[in-house]
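Structure first, then comments.
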Amino acid sequence: MGEAKLLRCRECGREYPLLKLSTCEECFGPLDVVYDYSAIKLARENFAGRPKSLWRYFELLPIRDKSRIVDLGAGFTPLHKSQRLARELGLKHLYIKDDTVNPTYSFKDRPAAVAVSKALEFGLKAVGCASTGNLAGATAAHAAKAGAPCYIFIPRDIELNKILQISIYGAEIIAVKGSYDDANRLASQVADQCNLGLVNINIRPYYVEGSKTLAYEVCEQLDWEPPDRVIIPTASGALLCAIHKGFEEFHRLGLIRENRVKICSAQPAACSPVVSAFKAGAMEITPVEKPRTVAKSLAIGEPADGAYALKRIRETGGVAEAVTDREIVEGIRLLARMEGVFAEPAGGVTIAALKKLVEEGRIAPDERVVCYITGNGLKTPEAISAEPPKLIEVEPMLEALTGLVAW
Ligand SMILES: *Cc1c(COP(=O)(O)O)cnc(C)c1O
Ligand SMILES: [Zn+2]
C-alpha cells in the first residue's frame, strides 16, 4: 500500500480527501499530496531487491493498489560520473542524470506512469494531457499499455518526431493553432466538462509525484550523500518543485542525513520567466507572450508552478540562469561529444547553463553537481540540423581511403 493520506492546499492549508481534485475550492491554490510519513518505515537496505523502476518507491507514490499500476519500466535511469566534460569545465564531481533512456525517451514517463495509473484507479475511462510534446508521448504510451483512449492537446508547431511518436501509440491528437498556453487553456476547459483524466490538469497533484523519484534515485546512486547542487531545465516549474520535494522527503524519512541541495533552474533565454523574476528579485512571474525557442519542450510562457519554483530556488540558495538558442545547441553537442549522451534541447539548456555558471565562478570547482538531462536528442533532429553531419564519402575500395583517415 502507498501511504498517501490527503491533499493539502499549498496556499491556505485546507485539506481534502484523495479525490480527483487539483485546486483548492477556497482560494484556487494548487493541491499537494501529503503522506503519513510516520507510517512509512523505509531503511536504505530495503531498496536492494526492489524493481529497477520508479515503482521501487511505491510507499511515496499516491497509488493505493500496486497490482493495478500501468508499468512500462519508467525510471531508475543511469547516473553517469562525468570525466571529460568535468575536466573540460574544471569541475571535480559532475554527474549526468540520464533520463533520455526512459520508455518514451524523456523523464515524462515518470509522472505519466503515476497519473495514468491514478486515472484508472479513479475509474476514469479515458486520459489525456496538454503538452509541449514529451508528456504527450509518455501519456499516450501508458494509455496504450492500459487500453485507455487518450486525447492529446499540443501546439501545432512542435517537433515532427514527437507528433509521429504520439500518433503511433494510437492517441487522438488535437493540434491547437497557438502556443502551449493556448492548448493548455483549451484542455482545461475540456477537463471541467468531461470525465477525462487530463494528467497535468485535473489530476495534476498526483502527476507531479512521479517526478520526485528523480531526487530519490540520485540519493541512492550517490550512496545516500545528496549532491551540493542540481540543475533542472524548467518550463512550468513542476519538475523543479517535485525534485525539491523528493530530497525533502528522503531527509524527513532519515534516508539521507542532510539536505543542503541547492536547487537551480535553467531556461532558454527566449522563454525564461522564472530566470527573469529571479534576477529581478521579483516574487511574481511575468508571463512571456510568444515564446519562440529551439527548446520547444520548455516553451511555456505562463508557468503554473513558476512562483513556487522561484521560492524553492531562493530558499535553497540556488540560482537561475538563461541561455541563448546558440548556446543550447552547443550544449547538446558538448554533452554528446564529451559524455556520449545525446539530449534534446532541454538537456542543452542544462549543460549550457552549467557552463555559464562555472565560467562566471558561481559554481565552485569542488562542488558535487548533478545535471538533469530530461529528453532524448533523437526526438528533435531539427534542433541540430543547421550544421549537417560531415561524411567521408568514398568508393568501396581500400585505396580510396589513402590519406583520408588518420588511423
Ligand atoms: C516537461 C519537460 C521539462 C520540465 O517541465 P516542467 O514543466 O518544468 O515540469 C524539462 N525537460 C523536458 C525534456 C521536458 O519535456
Ligand atoms: Zn486554499
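Every read-out reported here was derived from the displayed coordinates using simple, explicitly stated rules and does not represent laboratory data. Remember, predicted model here, so these are calculated numbers, not experimental data. Neighbour counts run over all protein chains shown; Cβ positions are idealised from the backbone, glycine included.
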*Compute the FRET efficiency between L79 and A282 as 1/(1 + (r/R0)^6), taking r as their Cβ-Cβ distance and R0 = 45 Å, and round to the nearest 0.05.*
0.85
_Between R44 and L378, what is 0.36 nm times their sequence separation minus the Cα-Cα distance? Round to one decimal in nm._
116.7 nm
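Would you mind putting 72-81, 6-15 in packing order, based on average other-beta-carbon counts within 10 Å, highest first? Let's see the in-between values first.
Details: 72-81: 18.7, 6-15: 15.4.
The densest-packed peptide leads the list: 72-81, 6-15.
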_With unit charges on the beta carbons (Lys and Arg positive, Asp and Glu negative) and the dipole taken about the Cα centre of the chain, which residue among V208, A136, C9 sits farthest to the positive side?_
C9
*List, in order, the whole-Hz ³J(HN,Hα) value for each residue of segment 74-81 obtained from phi through the Karplus relation with A = 6.51, B = -1.76, C = 1.60 and θ = phi - 60°; use x for Gly and Pro.*
5, x, 6, 8, x, 10, 8, 6
_Fewest-first ranking of S117, S106, S188, S38, using other Cβ atoms within 10 Å as the exposure measure_ = S38, S188, S117, S106
*asked:* Spelling out what I want: for every residue of segment 16-24, take phi, set θ = phi - 60°, compute 6.51 cos²θ - 1.76 cosθ + 1.60 (Karplus), and round to whole Hz; glycine and proline get x.
replied: 9, x, 6, 10, 6, 9, 9, 10, 5
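Can you tell me how much longer the chain between L160 and R185 gets when fully stretched, taken as 0.36 nm per residue apart minus their C-alpha distance, in nm with one decimal? Walk me through the intermediate numbers first.
Values: separation 25, 0.36 × 25 = 9.00 nm, distance 2.27 nm.
Taking 0.36 nm per residue and subtracting the Cα distance, the gain is 6.7 nm.
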_H93 long-range amide H proximity, modeled H, under 5 Å_ = V369
*Report, by chain and number, residues whose modeled amide H sits under 5 Å from the one on V323, excluding near sequence neighbours (fewer than 5 apart, same chain).*
Q267, A269
*Could you order peptides 133-144, 280-291, 239-250, 50-61 by the average number of other Cβ atoms within 10 Å of their residues, highest first?*
133-144, 239-250, 50-61, 280-291
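Using mean Cβ contacts within 10 Å as the protection proxy, how do 313-321, 253-261, 209-217 order, highest first? Could the numbers behind the result be given before it?
Details: 313-321: 19.4, 253-261: 15.3, 209-217: 26.6.
Highest-to-lowest ranking by the protection proxy: 209-217, 313-321, 253-261.
Run the numbers on segment 212-257 and let me know its relative contact order in percent, using alpha-carbon pairs under 8 Å that are six or more apart. Present the calculation step by step, with values, prior to reporting the outcome.
Details: 35 pairs, mean separation 24.3, N = 46.
Worked out over segment 212-257, it gives 53 percent.
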*What distance in nm separates the simple spin-label points at E225 and D192, each placed 7 Å from Cα in the Cβ direction?*
5.3 nm
*Rough spin-label spacing in nm, given labels placed 7 Å along Cα→Cβ, for R87 and L6*: 5.6 nm
*asked:* Charges on Cβ only, +1 for Lys and Arg, -1 for Asp and Glu, centred on the Cα centroid of segment 1-121; of L94, G73, G29, which one is farthest towards the dipole's positive end?
replied: L94
*Which of A364, L391, I351 sits closest to the plus end of the dipole of segment 346-407, meaning its Cα is farthest towards the positive end, when Lys and Arg get +1 and Asp and Glu get -1 on the C-beta?*
A364
*Please give, to one decimal in nm, the separation of the simple spin-label points placed at F122 and T324, each 7 Å out from Cα toward the Cβ.*
4.4 nm
*Using the Karplus curve 6.51 cos²θ - 1.76 cosθ + 1.60 with θ = phi - 60°, work out ³J(HN,Hα) for each residue of segment 7-15 in order, rounded to whole Hz, and write x for Gly and Pro.*
9, 10, 5, 5, 8, 10, x, 4, 10
*asked:* About the Cα centre, and with charges only on the beta carbon of Lys, Arg (+1) and Asp, Glu (-1), how big is the dipole of segment 244-355? Nearest 20 debye, please.
replied: 200 debye
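Using unit Cβ charges (K, R positive; D, E negative) and no other charged atoms, how large, in debye to the nearest 20, is the dipole of segment 174-271 about its Cα centre?
Working: 10 positive and 12 negative charges, 51 e Å.
Dipole about the Cα centre, nearest 20: 240 debye.
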*About the Cα centre of segment 22-102, how large is the charge dipole given +1 on each Lys and Arg Cβ and -1 on each Asp and Glu Cβ? Please answer in debye to the nearest 20.*
680 debye
